[in-house]
Structures are given as C-alpha cells and as structure tokens.
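To start, the structure under review is shown below, and the notes come after it.
The values are calculated or read from the model by the stated rules, or taken from the named source; none is laboratory data. Please read all numbers here as calculations on a predicted model, not as lab measurements. Backbone-built Cβ (ideal geometry, glycine too); neighbour counts: all protein chains shown. Note: accessible area is taken over every heavy atom of the protein model, side chains too, but ligands, DNA and RNA are not part of it. Shrake-Rupley method; radii C 1.70, N 1.55, O 1.52, S 1.80 Å.
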Amino acid sequence: MTRISLFLVAFIGLVLSGCAATKKQSLYDEIGGHQTLNTIFGVSITRIYTHPEIGDYFKGVPKQHLREQLVAQTCELIGGPCEYDGKTMLESHTGLDIKEREFYILVEIVQGAMRDVGLTYQQENRILNKLAPIKYQTVNL
C-alpha cells in the first residue's frame, strides 16, 4: 500500500469515527432553546388571553406563571434541560369542560406563534407531536 493510500484510509477512518461520535442535537437546541420557547409562548399567551372563545378559561391565571409552565413542560418534552414540576394536565383541566374545538383553537394559536418566530414546518410538527398526548389530559374532563 502506498503512502497516499495509507493516508486516505486513515483520513476516512477518522472522518467516519468522528461522525459516529457526534451527538444528535436535541429539538430544543435545534430551535434555539429557552429563548425561542419563551418567545413562542409569550406570543401565544397574548393571543390566547384575548381570544373570544378560549380567553375565559384563563381568567385568574397569571400570564407569567402560565408562560413559565408551558416553557418548562415543552422544554422537557423536546429534549431540553428543564424539568417540569407543575401540576399535571389532569389536575389543571379537570372540571373545565374543555371541548375539542377549543383545544384545537389553542393549538392553532401556538402553531401560528411558532411560524411567527421562524420555526420550520418540520420543527413545528415535531413539537406538536410531543405535545399531542396532552389533548387526552385536557379535553372533556
């Protein structure tokens, strides 16, 4: 084997081993982390609280508290360093009689905020996929 051949084999080996050792970036890091989530939910909450069909559900809930809880919960779900330690969705929503239509209004508001801050369609769908099970812990309880 010539020197050039040995060099190429060694170089390819290093490149391949470097690729294998590279840790996959979390969705949390990919979207810009805490700052992006904070912006998404800041925009969302402003729209939610003023929405004629769902705004009443949030009367008496401090905006900052809700924002912090949504950021922490989503951060944890999408691979961030956060630990959500708030109430369960069941505890927070039992007795509110939230309808599917109202749930989807909220989802559309959050989707719009994600688009407004520049997330891609794929990133948006990956986040929504992580949040989707929450529906069954909030609707018609």
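A few notes on this one:
- Residue pairs whose Cβ atoms lie under 7 Å apart, separated by 6 or more positions or on different chains, with the first residue in region 75-89 and free of Cβ contacts under 8 Å to residues at least 24 places away in the same chain and the second assigned to a loop (DSSP other than H, G, I, E, B) and open to solvent by 60 Å² or more (accessible area, probe 1.4 Å), are 76/83.
- Residues in region 81-110 that are touching an Asp or Glu at 6+ places or on another chain (Cβ under 7 Å) and closer than 16 Å to residue 27 by Cα: 82, 83.
Table: residues versus (1) closer than 30 Å to residue 116 by Cα; (2) of a type in the set (A, V, I, L, M, F, W, C); (3) at pLDDT below 55.
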| position | (1), (2), (3) |
| --- | --- |
| 1 | no, yes, no |
| 5 | no, no, yes |
| 10 | no, yes, yes |
| 20 | no, yes, yes |
| 32 | yes, no, no |
| 37 | yes, yes, no |
| 43 | yes, yes, no |
| 47 | yes, no, no |
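- Every residue from region 36-69 that is touching a residue at least 40 places away in the same chain (Cβ under 8 Å), more than 17 Å from the chain's Cα centre (by Cα) and open to solvent by 30 Å² or more (accessible area, probe 1.4 Å): 47, 51, 53, 57
- Single residue of region 80-110 satisfying the filter (open to solvent by 90 Å² or more (accessible area, probe 1.4 Å) and among the basic types (Lys, Arg)) that is farthest from the chain's Cα centre (by Cα): 101
- Single residue of 72, 113 found to be crowded, with 17+ Cβ neighbours inside 10 Å, assigned to a helix (DSSP H, G or I), in contact with a Cys (Cβ under 7 Å, 6 or more places away or on another chain) and of a type in the set (Gly, Ala, Ser): 72
- The residue that is most open to solvent (accessible area, probe 1.4 Å), among those in region 116-141 that are free of Cβ contacts under 8 Å to residues at least 12 places away in the same chain and hydroxyl-bearing (Ser, Thr, Tyr), is 136.
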